[in-house]
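Structure, as structure tokens:
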Ligand code: AMP
């Protein structure tokens, strides 16, 4: 019988650094997939891409407290390390880095800004879309990603386009802070019915899930309207928004330049059409680049 790899779980910084330097001595190319766990086929696609391009793949699983607001679902966020390990083993991931909270934020008992150096992405990348309602969210994301990059020191890091604003902010941080990591963008993966995969989907009831399908339908409609020649962004957004289920609490349904996040009035190349909604208290995001 063929031996199956069991992914090793490392929970502290000293041990992961030791493993990484051993790989580096052998000149192995290291691929890194940062996640918050509750792995689904979206995460799997990132891991598969990393396996194709790298000798060693490290997946981090860390529910990053500092990217959640006080009224958000940090405590409720799904944690399922053992089943995540099974997925990683099946995909041939060498290491899961799953640090404890104290390992990553030993000083976080006090106010974060007072006790901790944070990465603050530029305002123009943060003052819209998810950044508008999730104050400090992207400071938390950029800070943890920089810490993870400094700990894991990967050659390549894999991120999903499902979180388009996050991906742009990470690329901007890399450029501005001269980090020697190659970012690989991976396509957003959807369920067969069109719903974008998310760790939060498991909280949807059958009824809420049906309502949620209107999100990808509205995005598709925006694409169709563009393809049929309509160029006014506001007309495209309002006409495709009609497809959204009336029970959805729409946080935003907007379009920006997909590279700079600057506002756009007319469709052109590379427009990010993005949406965030709450359905029965569960927040979902999705987007298309048109
Ligand atoms: P998360 O665990 O939600 O923080 O996501 C970890 C990584 O997986 C991020 O780079 C996400 O963009 C990516 N990801 C999450 N959902 C999807 C999806 N449906 N398709 C592709 N990538 C995804």
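Helix 41-53 versus the longest principal axis of the chain: what is the Cα-based angle in degrees, 0 to 90, to the nearest 10?
Between the helix axis and the principal axis of the chain, the angle is about 50 degrees.
Round to the nearest 0.05 the FRET efficiency obtained for residue 52 and residue 262 when R0 = 41 Å and r is the Cβ-Cβ distance. Can you show the working numbers first?
Numbers: r = 34 Å, r/R0 = 0.82.
Given R0 = 41 Å and the Cβ-Cβ separation, E is 0.75.
What distance in nm lies between label points placed 7 Å from Cα along the C-beta direction at residue 238 and residue 135?
My value for the distance between the label points is 3.2 nm.
Give me the one-decimal nm value for the distance between modelled label points at residue 65 and residue 205, 7 Å along each residue's Cα-to-Cβ direction.
3.3 nm
Round to a whole angstrom and tell me the spacing of the C-alpha centers of segment 59-132 and segment 176-230.
21 Å
Where a ≥ b ≥ c are the square roots of the eigenvalues of the C-alpha gyration tensor, would you call the chain rounded, which needs a/c under 1.5, or, failing that, prolate if a/b is larger than b/c, or oblate?
Prolate, because a/c is 1.5 or more and a/b exceeds b/c.
Angle between the Cα long axis of helix 13-25 and the longest principal axis of the chain, 0 to 90 degrees, nearest 10?
80 degrees
Rounding to the nearest 10 and keeping the result within 0 to 90°, find how far the Cα-based axis of helix 164-176 lies from the longest principal axis of the chain.
Rounded to the nearest ten degrees, it is 50.
For the residues 107, 43, what sequence is obtained by ranking on other C-beta atoms within 10 Å, fewest first?
Lowest to highest Cβ neighbour count: 107, 43.
Report the gain in length on full extension from residue 178 to residue 41: 0.36 nm times residue separation, minus Cα-Cα distance, nm rounded to one decimal. Provide the component values of the computation, followed by the final result.
Values: separation 137, 0.36 × 137 = 49.32 nm, distance 3.14 nm.
Between residue 178 and residue 41, full extension yields 46.2 nm more.
Express the relative contact order of the chain as a whole percentage, based on alpha carbon pairs under 8 Å and six or more residues apart in sequence.
With pairs under 8 Å counted, the relative contact order is 17 percent.
Of the candidates 242, 25, 269, which one comes out as most mobile in a Gaussian network treatment of the chain with C-alpha springs shorter than 10 Å?
25
In a GNM of the chain with a 10 Å cut-off on Cα contacts, which of 168, 179, 123 has the highest mean-square fluctuation?
Ranking 168, 179, 123 by mean-square fluctuation puts 123 first.
Identify which of 215, 151, 61 has the largest mean-square fluctuation in a Gaussian network model of the chain, with springs joining Cα atoms closer than 10 Å.
The residue that fluctuates most here is 151.
Would you please give the FRET efficiency between residue 227 and residue 89, computed as 1/(1 + (r/R0)^6) with r the Cβ-Cβ distance and R0 = 51 Å, to the nearest 0.05?
0.75
Extension gain residue 100-residue 9, at 0.36 nm per residue separation less the Cα-Cα distance, in nm?
31.6 nm
The numbers here are math on the coordinates, done by the rules we state, and not lab data. Predicted, not measured: the structure shown is a model, and the values here were computed from it. As a convention, Cβ positions derive from the backbone with ideal geometry for all residues, glycine included, and neighbour counts pool all protein chains shown.
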